[in-house]
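Participant: I have a structure here, written as structure tokens, and I will follow up with some questions on it.
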Amino acid sequence: MEKVESKINVDFLSKHLGVELKTTNEMDLDITGNQQIPVVPILFPKTTEEVAKIAAFCNENEIPLVTVGGATNLNGGTVPDKAGIALSLKKMDRINYIDPFNRIAQVECGCNTLKFIKEVEKNGLLFPQNIASADRSTIGGNLAISSGSPRSLFYGTTKNYALNLEVVLPDGRIINTAYDVTKLATGLNLTQLMIGSEGTIGIITKATFKLIVPKKHRIVSQFTFNTESELFDAFKMLFVKGFDPVSVEFMDSQGVTFVKSYLKDSGKISHSLGGILWMEWEANKERELEDLEQEIHQVFGNSASNINFARSQEELAEIWKYRQSIGYAVKAVSSFTDVDVVVPRSKVQDLYSTVKSICQKQEVRFSSFAHIGDGNLHINILKDALSESDWNERIDLIFKEIYQRAIDLGGAISGEHGVGAYQQKHLKDFFPKVNMQLNQSIKDLFDPKGILNPGVMFNKTNKTI
Ligand SMILES: Cc1cc2nc3c(=O)[nH]c(=O)nc-3n(C[C@H](O)[C@H](O)[C@H](O)COP(=O)(O)OP(=O)(O)OC[C@H]3O[C@@H](n4cnc5c(N)ncnc54)[C@H](O)[C@@H]3O)c2cc1C
């Protein structure tokens, strides 16, 4: 990694800007074992104005600037190809207001996701973005990546709740992308342009979100299957028969094996060759869920080998433990890399079969868990004992083949983890050329000197496409 620290007079910067400044020598590692934060000075601004001063300084001096939230991204988004200054929003974590009358809330973007969700809940409302990294990620990171959650099937993703963002542009100007209103027909949609921009066109400092009223009752069902085809048949039936789950999550048999061993579970979940489906259901009347439970047994009783329901907090936690442990369970076996493809849900089975044959051909192990209701498949490919060169060679081929299949099936290379630095090189093959040109023009418009997150989502070669 190229360092440009010679341009940065840290003491001057700290004094001049009046901002606490740290230099880190520690690499924060993500769950896959990849590096997440470059070794650079990290600034901790406390206000939007301080962020603006830092951006203006970096822009003027052409110093690369990377914004860091919780650093939980799985795409190298906080590891740009040129290290300069890193900006952490951790000290900007205030919840400015939660307004039950308008059903909106305004929050600073360094706020921890779970903290925000819980504060909203205390006000009797719901921000339904319980992403699996909620305890470590930030609101700003969720917006920048356009994160999703298991409940996105029913409730949509973070982008569906953002009404208005305060953004610091690379030259230090501060804008609001919209207004704190739930309806708007004035101007282009700058809010949605910022969401998923991965810190490449602006630093999001504050967000106003729409909130909703939670349903009163919730249950989770767990189906285990003897065969894969039974699982996918039931998955199809769920939708064509008109069921309306809040989430549908999947774990394949290899994933189950890893989690069983990680949790030292010798018996709770039987050895299920076909994998597991979890579904979350909500209703305002308990009776509706009781009726649903009966209907589920009638419709799926023959295809699933086992159906369980969780109602109490303890049961819910117990049943979700499997789903939530998968990342750590795989990590306990081997370092791995993560593919995050999305296809129409009717094509998931096809994609999964292709992944199996690709990994068999390359002689690597994989496990998959997924927000299958959204057609979003996470595939963890294990390095095991492969040498670095062997691994790099194989993984490149595997990514290319999986991406090609996802595109052929009408999907895209990322459903929720974003492009970042790791998948940037694949855009030229798997993202339409004109779309890439338009993306690049927008990047150049907002960030003509290219100081924000260099190497993330964009690189110099894109300019010449
Ligand atoms: C165990 C685990 C579980 C996960 N589960 C999910 C899941 O369920 N759903 C999901 O979608 N993802 C998931 N992820 C991926 C990741 O947690 C999400 O993408 C999350 O939204 C990233 O938030 P963060 O604050 O950690 O962002 P970071 O990792 O710090 O940053 C992500 C990107 O956004 C940029 N950025 C950060 N803050 C800002 C800002 N304020 N303004 C502009 N740019 C900014 C960064 O420069 C970087 O490019 C998971 C990751 C892990 C490790």
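The values are calculated or read from the model by the stated rules, or taken from the named source; none is laboratory data. Keep in mind that what you see is a predicted model, and the values were worked out from it rather than measured. Glycine gets a Cβ as well: all are built from the backbone with ideal geometry, and neighbour counts include every protein chain shown. Heads up: the accessible areas ignore ligands, DNA and RNA and are worked out on the full protein's heavy atoms, side chains in. Shrake-Rupley method; radii C 1.70, N 1.55, O 1.52, S 1.80 Å.
Participant: Checking the condition within 24 Å of G455 (Cα to Cα) and either at pLDDT below 95 or in contact with a Lys or Arg (Cβ under 7 Å, 6 or more places away or on another chain) (or both), which residue from I204, I145, I195, I139 passes? Walk me through it before giving the result.
Facilitator: On the way: I204 fails: either at pLDDT below 95 or in contact with a Lys or Arg (Cβ under 7 Å, 6 or more places away or on another chain) (or both); I145 fails: either at pLDDT below 95 or in contact with a Lys or Arg (Cβ under 7 Å, 6 or more places away or on another chain) (or both); I139 fails: either at pLDDT below 95 or in contact with a Lys or Arg (Cβ under 7 Å, 6 or more places away or on another chain) (or both).
Just one listed residue meets the conditions, I195.
Participant: Of the residues Q222, Q192, which single one is out of contact with any Leu (no Cβ under 9 Å at 6 or more places or on another chain) and either closer than 21 Å to Q324 by Cβ or away from the ligand (no atom under 14 Å from the Cβ) (or both)? I'd like the intermediate steps shown before the answer.
Facilitator: On the way: Q222 fails: out of contact with any Leu (no Cβ under 9 Å at 6 or more places or on another chain).
That would be Q192, the only listed residue that is out of contact with any Leu (no Cβ under 9 Å at 6 or more places or on another chain) and either closer than 21 Å to Q324 by Cβ or away from the ligand (no atom under 14 Å from the Cβ) (or both).
Participant: Looking only at residues in region 166-184 that are without any contact (Cβ under 8 Å) to a residue 40 or more places away in the chain and touching a helix residue (DSSP H, G or I) at 6+ places or on another chain (Cβ under 7 Å), which one is farthest from A52 (Cα to Cα)?
Facilitator: Narrowing region 166-184 to residues without any contact (Cβ under 8 Å) to a residue 40 or more places away in the chain: 167, 175-179, 181, 183-184.
Now restrict to residues that are touching a helix residue (DSSP H, G or I) at 6+ places or on another chain (Cβ under 7 Å): 167, 177-178.
Values: V167: 9, T177: 16, A178: 19 Å.
It comes out as A178.
Participant: Shifting gears a bit: Residues Y328, Y322: which one is among the aromatic types (F, W, Y), part of a helix (DSSP H, G or I), over 24 Å from F431 (Cα atoms) and open to solvent by 60 Å² or more (accessible area, probe 1.4 Å)?
Facilitator: Numbers: Y322 fails: open to solvent by 60 Å² or more (accessible area, probe 1.4 Å).
The match here is Y328.
Participant: If E49 passes every condition in (1) open to solvent by 20 Å² or more (accessible area, probe 1.4 Å); (2) of a type outside the set (V, I, T); (3) modelled with pLDDT of 90 or more; (4) within 12 Å of the ligand (Cβ to nearest atom) but one, which one does it miss?
Facilitator: Answer for E49: the failing condition is (4).
Participant: Considering only region 387-430, state which residues are part of a loop (DSSP other than H, G, I, E, B) and crowded, with 16+ Cβ neighbours inside 10 Å.
Facilitator: So in region 387-430, the residues part of a loop (DSSP other than H, G, I, E, B) come out as 387, 409-411, 413, 415-423.
Once the filter is applied, which keeps residues that are part of a loop (DSSP other than H, G, I, E, B) and crowded, with 16+ Cβ neighbours inside 10 Å, region 387-430 yields L409, G411, I413, G415, E416, H417, G418, V419, G420, A421, Y422, Q423.
Participant: Could you grab the pairs with beta carbons closer than 9 Å, sequence gap of 6+ or different chains, first residue in region 137-165 and among the charged types (D, E, K, R), second one part of a helix (DSSP H, G or I)?
Facilitator: Qualifying pairs under 9 Å: K159/L143; K159/T191; K159/Q192.
Participant: A follow-up question, please. Given (1) open to solvent by less than 10 Å² (accessible area, probe 1.4 Å); (2) in a helix (DSSP H, G or I); (3) more than 11 Å from the ligand (Cβ to nearest atom), where does I63 come up short, assuming only one miss?
Facilitator: (2)
Participant: If you scan region 356-380, which residues turn out to be more than 16 Å from the ligand (Cβ to nearest atom) and within 21 Å of the chain's Cα centre (by Cα)? Don't jump to the end; show me each part of the working.
Facilitator: In the first step, residues of region 356-380 are kept if they are more than 16 Å from the ligand (Cβ to nearest atom); the result is 356-366.
The answer is F366, and nothing else.
Participant: Open to solvent by less than 60 Å² (accessible area, probe 1.4 Å) and either free of Cβ contacts under 8 Å to residues at least 12 places away in the same chain or under 23 Å from the mean Cα position of the chain (by Cα) (or both), is that true of Y352?
Facilitator: Judged against the criteria, Y352 is a match.
Participant: Going by the structure shown, is K443 in a helix (DSSP H, G or I), charged (D, E, K, R) and open to solvent by less than 20 Å² (accessible area, probe 1.4 Å)? Working first, answer last.
Facilitator: Details: in a helix (DSSP H, G or I): yes; charged (D, E, K, R): yes; open to solvent by less than 20 Å² (accessible area, probe 1.4 Å): yes.
Here the answer is yes, as K443 does meet what is asked.
Participant: Applying the selection to region 316-334, what residues are more than 17 Å from E249 (Cα to Cα) and in contact with a strand residue (DSSP E or B) (Cβ under 8 Å, 6 or more places away or on another chain)?
Facilitator: Selection gives V330, V333, S334.
Participant: Here is a further query. Run down F57, F101 and say which single residue is modelled with pLDDT of 90 or more and in a loop (DSSP other than H, G, I, E, B).
Facilitator: Working: F57 fails: in a loop (DSSP other than H, G, I, E, B).
None of the other options fit; the residue is F101.
Participant: If you don't mind, another one. Residues in region 300-314: is at least one closer than 13 Å to S221 by Cα and part of a helix (DSSP H, G or I)?
Facilitator: yes
Participant: Condition first: more than 24 Å from R365 (Cα to Cα) and away from the ligand (no atom under 15 Å from the Cβ). Now tell me which residues in region 409-424 satisfy that.
Facilitator: Scanning region 409-424 gives a single hit, G410.
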